[in-house]
Amino acid sequence: MSLFAALFMAALLVTLIYGVMVYNSLVTVKHNVSKAWANIDVLLKQRHDEIPKLVEVCRQYRQFEQATLQKVIEARSHVFAASQQQNMPALAQAETHLRAGLANLFAVAEAYPDLKTNERFSSLQTRISALENAIADRREFYNESVNINNVRIEQFPDVVVARMFDFPPRELLEFQAADKADVDVKQLFAA
């Protein structure tokens with residue numbers, strides 16, 4: 001075997017080993033995105049299960065605004081559908097509507113002293129608020145995982161392996177600007 005052939009074989013072996021390392025690294029990044037999404041999905045499902053309980057407690061107060069409850073129920077179903085499809089733009093929009101509906105529900109509940117002092121209502125309100133905070137934390141982790149994935153599949157030489165094995169970019173979960181803005185409490189009470 002000539003020196004040139006030996007060098008060529010060594011270079012080919014090094015390239016192959018490097019390609020395998022890049023591929024395995026991209027697989028890890030891809031699965032981290034999936035894991036981050038699974039964490040959000042679990043929290044969305046937990047909140048999905050709590051909202052009907054909250055609505056039912058509110059319905060027990062006959063005079064409670066039914067339109068407010070209906071908006072929360074509709075928004076909940078939109079979040080669930082978008083979550084099942086992993087449609088990030090639709091989920092972001094549905095989340096914005098659900099959060100606004102819940103904020104409105106909690107604001108309207110302030111006008112009902114009996115409801116505010118109801119232990120079950122208070123417990124559900126605390127639980128849903130805790131889930132909202134956890135979802136926000138997990139959304140940040142998910143978006144960071146997506147960003148790492150998207151950067152890696154665009155960087156050279158990873159882009160070569162990513163295109164060869166079809167590693168697609170993933171979408172960030174970004175909420176609308178209205179969801180990030182401070183809540184106008186006066187407007188909520190006027191609704």
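The values are calculated or read from the model by the stated rules, or taken from the named source; none is laboratory data. A quick note: this is a predicted structure, and the numbers were derived from the prediction, not measured. Glycine gets a Cβ as well: all are built from the backbone with ideal geometry, and neighbour counts include every protein chain shown.
A compact table of results
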item: Residue check for T96: under 30 Å from P168 (Cα atoms), among the polar types (S, T, N, Q) and buried (at least 18 other Cβ atoms within 10 Å of the Cβ); result: yes
item: Region 148-175: number of residues that are touching a residue at least 40 places away in the same chain (Cβ under 8 Å), farther than 25 Å from S83 by Cβ and not in a helix (DSSP H, G or I); result: 2
item: Condition broken by V42, with the remaining ones in (1) free of Cβ contacts under 8 Å to residues at least 24 places away in the same chain; (2) of a type outside the set (S, T, N, Q); (3) buried (at least 18 other Cβ atoms within 10 Å of the Cβ) satisfied; result: (3)
item: Looking only at region 16-37, and only at residues there that are hydrophobic (A, V, I, L, M, F, W, C) and surrounded by 12 or more Cβ atoms within 10 Å (Cβ to Cβ), the one that is nearest to Q85 (Cα to Cα); result: W37
item: I135 being modelled with pLDDT of 90 or more and either in a loop (DSSP other than H, G, I, E, B) or farther than 23 Å from V79 by Cα (or both); result: no
item: Among the candidates L54, L13, residue that is exposed (fewer than 12 other Cβ atoms within 10 Å of the Cβ) and more than 16 Å from M164 (Cα to Cα); result: L13
item: Hey, K35 under 26 Å from F121 (Cα atoms) and among the basic types (K, R) or not; result: no
item: Among residues of region 114-143, those that are without any contact (Cβ under 8 Å) to a residue 24 or more places away in the chain and over 17 Å from T68 (Cα atoms), counted; result: 11
item: Single condition T117 does not satisfy, out of (1) buried (at least 19 other Cβ atoms within 10 Å of the Cβ); (2) over 19 Å from K45 (Cβ atoms); result: (1)
item: Cβ pairs under 7 Å, 6+ apart, first in region 18-33 and farther than 12 Å from R152 by Cα, second in a helix (DSSP H, G or I) and among the β-branched types (V, I, T); result: G19/V161; V33/V146
item: Some residue of region 77-87 being surrounded by 15 or more Cβ atoms within 10 Å (Cβ to Cβ), among the aliphatic types (A, V, I, L, M), in contact with a helix residue (DSSP H, G or I) (Cβ under 9 Å, 6 or more places away or on another chain) and over 20 Å from E140 (Cβ atoms); result: no
